[in-house]
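S.K.: Before anything else, here's the structure in question.
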Amino acid sequence: DTEVTQTPKHLVMGMTNKKSLKCEQHMGHRAMYWYKQKAKKPPELMFVYSYEKLSINESVPSRFSPECPNSSLLNLHLHALQPEDSALYLCASSQDKTDFNEQFFGPGTRLTVL
Amino acid sequence: GQSLEQPSEVTAVEGAIVQINCTYQTSGFYGLSWYQQHDGGAPTFLSYNALDGLEETGRFSSFLSRSDSYGYLLLQELQMKDSASYFCAVRSDNNAGNMLTFGGGTRLMVKP
């Protein structure tokens, strides 16, 4: 299984809502990543988890809260978002944090904040 | 910090060869990767160069010159399905883990 899955595919939320994005991989990868991608722009790294511990937080606002319950799952909890947070949120994984050769990306969650 | 420059758009015809260039500035270079992303899809890994030279994988090849801080992706025998965005990316390592920084992306349009 060389797949990263993400749910939901689409999410519309108001600025006062609380929601969560989910990501799952069963490749035995020990590093997982959250990226944000705006239309016609490259992915921008938000968080890196290595062996279920947060190792990189790219100065992301606290309204985004990542969680790694186990080595296969990665969540992104959303609260009090702003309309400018509307974007495609991509999850990725790699064998470990030192394995640069390939990151496997999920299909993303397209988030719209009203 | 890191910065990568690549053309924003390239157009070519089916069966042709196209080269997408990428120049980078980075502190601490570990390698250059290329990713393909179709509209509405996820980025998928194409290639990785850590050393100078050409790496060939089927119709796609990637080249790196570390002395010139330059690389390119070469796509041969273009097919309509190759229409996509192509991103070069460099790795930086801040001891907390490896991070990919992506270039702005090159939108390739293949015409019949």
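The values are calculated or read from the model by the stated rules, or taken from the named source; none is laboratory data. Small disclaimer: the values here were computed from a predicted structure and weren't measured. Cβ atoms come from the backbone with ideal geometry, glycine included; neighbour counts cover every protein chain shown. What goes into the accessible areas is simple: the full protein's heavy atoms, side chains included, and nothing from ligands, DNA or RNA. Shrake-Rupley method; radii C 1.70, N 1.55, O 1.52, S 1.80 Å.
S.K.: Please specify each residue of region B:47-90 satisfying the condition of being in contact with a Lys or Arg (Cβ under 7 Å, 6 or more places away or on another chain) and closer than 19 Å to residue B:12 by Cα.
M.R.: Residues satisfying the conditions are B:75, B:76, B:77, B:85.
S.K.: While we're looking at this one, here's another question. Give the residues of region A:75-91 that are open to solvent by less than 20 Å² (accessible area, probe 1.4 Å) and either within 14 Å of another protein chain (Cβ to nearest Cβ) or farther than 13 Å from residue A:21 by Cα (or both), sorted by residue number.
M.R.: Let us first name the residues in region A:75-91 that are open to solvent by less than 20 Å² (accessible area, probe 1.4 Å), namely A:75-76, A:78, A:81, A:85, A:87-91.
The answer is A:81, A:85, A:87, A:88, A:89, A:90, A:91.
S.K.: Scanning region A:92-101 for residues that are surrounded by 17 or more Cβ atoms within 10 Å (Cβ to Cβ) and facing chain B (nearest Cβ under 7 Å), which turns out modelled with the lowest pLDDT?
M.R.: Filtering first and then ranking leaves A:100.
S.K.: Same structure again: Would you tally the residues in region A:45-63 being open to solvent by 50 Å² or more (accessible area, probe 1.4 Å) and either within 14 Å of chain B (Cβ to nearest Cβ) or among the aliphatic types (A, V, I, L, M) (or both)? Don't jump to the end; show me each part of the working.
M.R.: The initial filter retains those residues of region A:45-63 that are open to solvent by 50 Å² or more (accessible area, probe 1.4 Å), namely A:51-54, A:57-59, A:61-63.
From the residues that got through so far, the ones that are either within 14 Å of chain B (Cβ to nearest Cβ) or among the aliphatic types (A, V, I, L, M) (or both) too are A:51-54, A:57-59.
Here the count works out to 7.
S.K.: Select, from A:66, A:42, the only residue that is surrounded by 14 or more Cβ atoms within 10 Å (Cβ to Cβ), within 14 Å of chain B (Cβ to nearest Cβ) and in contact with a Gly (Cβ under 9 Å, 6 or more places away or on another chain).
M.R.: A:42
S.K.: Can you pull out the residues in region B:24-45 that are surrounded by fewer than 16 Cβ atoms within 10 Å (Cβ to Cβ) and under 16 Å from the mean Cα position of the chain (by Cα)?
M.R.: Result: B:25, B:30, B:38, B:44.
S.K.: So for region A:15-26 (the condition being within 11 Å of another protein chain (Cβ to nearest Cβ), under 28 Å from residue B:34 (Cβ atoms) and out of contact with any Asp or Glu (no Cβ under 8 Å at 6 or more places or on another chain)), does at least one residue qualify?
M.R.: The initial filter retains those residues of region A:15-26 that are within 11 Å of another protein chain (Cβ to nearest Cβ), namely none.
The answer is no; no qualifying residue exists.
S.K.: Got at least one residue in region A:78-98 being basic (Lys, Arg), closer than 20 Å to residue B:43 by Cα and touching a residue at least 12 places away in the same chain (Cβ under 8 Å)? Before you say what the answer is, go through the steps one by one.
M.R.: Narrowing region A:78-98 to residues basic (Lys, Arg): A:97.
From what is left, the residues that are closer than 20 Å to residue B:43 by Cα are A:97.
From the residues that got through so far, the ones that are touching a residue at least 12 places away in the same chain (Cβ under 8 Å) too are A:97.
Yes, the conditions are met somewhere in region A:78-98.
S.K.: What strands (runs of 3 or more DSSP E) lie completely within region B:29-105 and have 3 or more residues being within 11 Å of chain A (Cβ to nearest Cβ)?
M.R.: Ranges flagged: B:32-37, B:44-49, B:84-93, B:98-102.
S.K.: Counting just the residues of region A:1-48 that are part of a loop (DSSP other than H, G, I, E, B) and hydroxyl-bearing (Ser, Thr, Tyr), which one comes out farthest from residue A:104 (Cα to Cα)?
M.R.: Within region A:1-48, the first condition is being part of a loop (DSSP other than H, G, I, E, B), and the residues that meet it are A:1-3, A:8-9, A:14-17, A:26-30, A:38-43.
In the following step, the residues that additionally are hydroxyl-bearing (Ser, Thr, Tyr) were identified as A:2, A:16.
Details: A:2: 8, A:16: 32 Å.
In this case the residue turns out to be A:16.
S.K.: For residue A:55, are the conditions met, namely being modelled with pLDDT under 90 and touching a Phe, Trp or Tyr at 6+ places or on another chain (Cβ under 8 Å)?
M.R.: yes
S.K.: Moving on. Restricting the search to region B:54-72, which residues are open to solvent by less than 20 Å² (accessible area, probe 1.4 Å) and more than 20 Å from residue A:92 (Cβ to Cβ)?
M.R.: B:61, B:64, B:65, B:71
S.K.: Same structure, new question: I'm told residue A:40 meets every condition in (1) touching a Phe, Trp or Tyr at 6+ places or on another chain (Cβ under 9 Å); (2) free of Cβ contacts under 8 Å to residues at least 40 places away in the same chain except one. Can you identify the failing condition by its number?
M.R.: (1)
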